[in-house]
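Engineer: One structure, pasted below without further comment.
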Amino acid sequence: MSTPSRSRTLAWTAFTLGVLLLAGCARQLQPDVTDVSGLVAPLEFTLTNQSGRAVTAADYRGDVVMLYFGYTHCPDACPATLATLADALHMLGPLAARVRVLFVTVDPRRDTLAVLKRYVSDFGPQFVGLRGTTAQLTAMIKRYRVSYRDEKPGKNGNYEVIHSSVVFIFGGRGRARLLAETGFASAAIATDVRRLLERA
Amino acid sequence: MRYLWYLLPWQFSPTVLIVCGLTMALYLRGLVTLKRNGAPLGFWRPFVFFLGLALSYAVLQTYFDFLAQHLFWVHCLQQLVLHHLGPVLIVLSGPVLVLREGVPRALRVGAPRLLRQMRLDWLRKPLRLIWRTLQHPLIAPALFVGLIYLWLIPPIHFTAMIDTRRYLLMNWSSLADGLLFWWLILASREEQGSAAVGYKTRLLILPFISMTQIVIGAYISLVPWQLYPIYALCGRALAISPMLDQQIGGLLTWIPGAMMSLVGVLVVLRHMVREEEARLRFPPERAAAAPESSSGTPEASQPSAEVA
């Protein structure tokens, strides 16, 4: 009668080991965050910031940069994403001073610099609103292989813009490191960005 | 003017421009030379060649490329053109004869001489070995199906869609492998020369590649969950639900991809019939006997007169 019980013990041991292994993996890799080092193009752009100054990627060297495409009339995705990022920055504490969130508008027609300025200031001092000419914006969406398009306007002339939902995260030297997918948790971002900041 | 804009490359690639431009220039030069030599090619063969080349160029270097980056089903259509339709049309037109005529005589004579002078003659052997390997009747279909599967493995597909270099590698590998594979299947044994593959072997390969494409196409179109979330993450280029996008893409891989094998079978059968007819008209023993007997023998000269 010892054989079945021994095999049952073995099975349970294997199961426990498996669970521990999976848990270990889950702790190391934050959910919805992917390592994209060497895959996504390094940070590069020429745009205008909310204060009307022309800026390039070089202006943000030394900081960890989170890049997100959106628009201020966005009903759900953009405010939710920016709020999650603000939450993550809050968790980082003093380290957050070395992080910049670049919010690039895909709706420059409605998002004037003044509108952008008001919008990003709601989320925190690390948030930068960026606006570009059609050519500048096109160059950028080609580089990061994302897209946006205007939906048909409704009765009141309001229209939605369909756009990417990912956040690209760049290290201090402008190299792409992480990609956060829709629905990521602020704690996941905070953990991975802290690791990035500690490495730099 | 707005429509012309759609014909401009989304992401300009000098390599595509040079390769396509050079191929077209060689082909046109070959056409002119053939016509001057009194052997014009007619309309259809060049038409089919240019159609294949133009389609391949169009899916790489127009607004279509943008759509292929942001809609899964357009991506599948792009790969179908690069891996199947474009190469099939190009190979069907029998382009080698024309392209060879298109190479300037100086280069045709000079290149081998230069190789000899630079003592690079030994390169011929490994090159021939590589060619033989790529055209091996077991390796070529494995490569063909393997590439289709490889780029559709979800994590690999993900990286191909966010990394421009991998994306280009994917497209180039499709086109290059498409040309290699369909050359093995569709070119006549005469065209293939010393590395020719038998027709019966080809008829065995075709159902295999058809079945494997049905399997992956059916899988993609029938699974009830999203396999390729990258399109949703980066923004779809059309208002279409993710599942519908995936289902159409799967169907495009499934049906037209597998149907191309049927086209292959028909072409191979035609080659077989043609060779059989030629053999009946010139029985080998007579052809061998002809040079021995004096040219006056009526039986030997009759069939060739018929053909002429």
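The values are calculated or read from the model by the stated rules, or taken from the named source; none is laboratory data. The shown structure was predicted, so the numbers you read here are calculated from the model rather than taken from an experiment. Note: ideal-geometry Cβ built from the backbone for every residue, glycine included; neighbour counts use all protein chains shown. Ligands, DNA and RNA are stripped out before the accessible areas are found, and what is left, the full protein with its side chains, is counted by its heavy atoms. Shrake-Rupley method; radii C 1.70, N 1.55, O 1.52, S 1.80 Å.
Engineer: Does A:Thr134 qualify as being on the phi < 0 side of the Ramachandran plot, in the same structural domain as A:Leu47 (by TED's automatic domain parsing) and open to solvent by less than 50 Å² (accessible area, probe 1.4 Å)?
Structural biologist: Details: on the phi < 0 side of the Ramachandran plot: yes; in the same structural domain as A:Leu47 (by TED's automatic domain parsing): yes; open to solvent by less than 50 Å² (accessible area, probe 1.4 Å): no.
When the stated conditions are applied, A:Thr134 does not pass them.
Engineer: Regarding B:Leu169, is this residue assigned to a helix (DSSP H, G or I) and within 14 Å of chain A (Cβ to nearest Cβ)? Give the steps one after another, and end with the answer.
Structural biologist: Values: assigned to a helix (DSSP H, G or I): yes; within 14 Å of chain A (Cβ to nearest Cβ): yes.
Here the answer is yes, as B:Leu169 does meet what is asked.
Engineer: Here's another thing I want to ask about it. Can you name the residue in the stretch A:152-170 that is surrounded by fewer than 14 Cβ atoms within 10 Å (Cβ to Cβ) and charged (D, E, K, R) and, of all such residues, is farthest from the other protein chains (Cβ to nearest Cβ)?
Structural biologist: First pass over the stretch A:152-170, keeping only residues surrounded by fewer than 14 Cβ atoms within 10 Å (Cβ to Cβ): A:152-158.
Applying the additional criterion that residues be charged (D, E, K, R) yields A:152, A:155.
Working: A:Lys152: 9, A:Lys155: 19 Å.
The residue in question is A:Lys155.
Engineer: Give the residues of the stretch A:97-142 that are within 19 Å of A:Ala58 (Cβ to Cβ) and among the charged types (D, E, K, R), sorted by residue number.
Structural biologist: A:Arg98, A:Arg100, A:Arg131 - these are the residues of the stretch A:97-142 that are within 19 Å of A:Ala58 (Cβ to Cβ) and among the charged types (D, E, K, R).
Engineer: Going by what's in this entry, would A:Glu198 be described as surrounded by fewer than 18 Cβ atoms within 10 Å (Cβ to Cβ), of a type in the set (D, E, K, R) and within 19 Å of the chain's Cα centre (by Cα)? Step through it out loud before you land on a result.
Structural biologist: On the way: surrounded by fewer than 18 Cβ atoms within 10 Å (Cβ to Cβ): yes; of a type in the set (D, E, K, R): yes; within 19 Å of the chain's Cα centre (by Cα): yes.
Yes, satisfied.
Engineer: I'd like the residue in the stretch A:32-66 that is assigned to a strand (DSSP E or B) and within 13 Å of another protein chain (Cβ to nearest Cβ) and, out of all such residues, is surrounded by the most Cβ atoms within 10 Å (Cβ to Cβ).
Structural biologist: Within the stretch A:32-66, the subset assigned to a strand (DSSP E or B) is A:33-35, A:46-49, A:54-56, A:64-66.
Applying the additional criterion that residues be within 13 Å of another protein chain (Cβ to nearest Cβ) yields A:33-35.
Values: A:Val33: 21, A:Thr34: 18, A:Asp35: 12.
Looking at the filtered set, the residue picked out is A:Val33.
Engineer: On to the next question. So if I check each of A:Arg145, A:Arg149, A:Arg177, which one is open to solvent by less than 70 Å² (accessible area, probe 1.4 Å), modelled with pLDDT of 90 or more and on the phi > 0 side of the Ramachandran plot?
Structural biologist: On the way: A:Arg149 fails: on the phi > 0 side of the Ramachandran plot; A:Arg177 fails: on the phi > 0 side of the Ramachandran plot.
None of the other options fit; the residue is A:Arg145.
Engineer: Right, next: Which condition breaks for A:Arg110 when tested against (1) of a type in the set (D, E, K, R); (2) farther than 19 Å from B:Ala237 by Cβ; (3) in a loop (DSSP other than H, G, I, E, B); (4) open to solvent by 70 Å² or more (accessible area, probe 1.4 Å)?
Structural biologist: It is condition (4) that A:Arg110 fails.
Yes or no, residue by residue, for (1) out of contact with any helix residue (DSSP H, G or I) (no Cβ under 7 Å at 6 or more places or on another chain); (2) surrounded by 10 or more Cβ atoms within 10 Å (Cβ to Cβ):
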| residue | (1), (2) |
| --- | --- |
| B:His84 | no, yes |
| B:Pro87 | no, yes |
| B:Leu92 | no, yes |
| B:Pro95 | no, yes |
| B:Val98 | no, yes |
| B:Ala106 | yes, no |
| B:Arg124 | yes, yes |
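Engineer: Considering only residues that are outside any loop (DSSP other than H, G, I, E, B) and within 14 Å of chain A (Cβ to nearest Cβ), which ones fall in the stretch B:209-248?
Structural biologist: B:Ile230, B:Tyr231, B:Ala232, B:Leu233, B:Cys234, B:Pro242, B:Asp245, listed by residue number.
Engineer: Every residue in the stretch B:1-39 that is among the hydrophobic types (A, V, I, L, M, F, W, C) and assigned to a loop (DSSP other than H, G, I, E, B), please. Can you show your working first?
Structural biologist: Going through the stretch B:1-39, the residues among the hydrophobic types (A, V, I, L, M, F, W, C) turn out to be B:1, B:4-5, B:7-8, B:10, B:12, B:16-20, B:22, B:24-26, B:28, B:31-32, B:34, B:39.
B:Met1, B:Leu7, B:Leu8, B:Trp10, B:Phe12, B:Ala39 - these are the residues of the stretch B:1-39 that are among the hydrophobic types (A, V, I, L, M, F, W, C) and assigned to a loop (DSSP other than H, G, I, E, B).
Engineer: Let me ask something additional. Could you check the stretch A:87-113 and list, in sequence order, the residues that are in contact (Cβ under 8 Å) with a residue 60 or more places away in the chain and of a type in the set (Gly, Ala, Ser)?
Structural biologist: Scanning the stretch A:87-113 gives a single hit, A:Ala88.
Engineer: Among the listed residues B:Phe72, B:Phe49, which satisfies the condition of being away from chain A (no Cβ under 14 Å) and farther than 15 Å from B:Trp172 by Cα?
Structural biologist: Numbers: B:Phe72 fails: away from chain A (no Cβ under 14 Å).
Answer to the selection: B:Phe49.
Engineer: Of the residues B:Ala278, B:Ala218, B:Ala288, which is at pLDDT 95 or above, open to solvent by less than 70 Å² (accessible area, probe 1.4 Å) and farther than 30 Å from A:Leu179 by Cβ?
Structural biologist: Unique residue meeting the criteria: B:Ala218.
Engineer: It is to be established whether one or more residues within the stretch A:100-117 are within 25 Å of B:Ala232 (Cα to Cα), of a type in the set (Lys, Arg) and within 13 Å of chain B (Cβ to nearest Cβ).
Structural biologist: no
Engineer: Now a separate question. I want to confirm something. Restricting to the stretch B:42-82 and keeping residues that are open to solvent by less than 10 Å² (accessible area, probe 1.4 Å) and small (Gly, Ala, Ser), which single residue is nearest to B:Ile153 (Cα to Cα)?
Structural biologist: Top of the filtered list is B:Ala68.
Engineer: Inspect all residues belonging to the stretch A:115-122 and state whether any of them is in contact with a strand residue (DSSP E or B) (Cβ under 8 Å, 6 or more places away or on another chain), open to solvent by less than 20 Å² (accessible area, probe 1.4 Å) and part of a loop (DSSP other than H, G, I, E, B). Give the steps one after another, and end with the answer.
Structural biologist: Pass one, the stretch A:115-122, residues in contact with a strand residue (DSSP E or B) (Cβ under 8 Å, 6 or more places away or on another chain): A:116-117, A:119-121.
With the extra rule that they be open to solvent by less than 20 Å² (accessible area, probe 1.4 Å), the set shrinks to A:116, A:120.
If we keep only those that are part of a loop (DSSP other than H, G, I, E, B) as well, we get none.
Within the stretch A:115-122, not a single residue is in contact with a strand residue (DSSP E or B) (Cβ under 8 Å, 6 or more places away or on another chain), open to solvent by less than 20 Å² (accessible area, probe 1.4 Å) and part of a loop (DSSP other than H, G, I, E, B).
Residues are listed down the side, and each one gets a yes or a no for (1) open to solvent by 20 Å² or more (accessible area, probe 1.4 Å); (2) touching a Phe, Trp or Tyr at 6+ places or on another chain (Cβ under 8 Å):
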residue: B:Ile185; (1), (2): no, no
residue: B:Glu190; (1), (2): yes, no
residue: B:Arg202; (1), (2): no, no
residue: B:Gln213; (1), (2): no, yes
residue: B:Ile230; (1), (2): no, yes
residue: B:Val265; (1), (2): yes, no
residue: B:Val268; (1), (2): no, yes
residue: B:Val273; (1), (2): yes, no
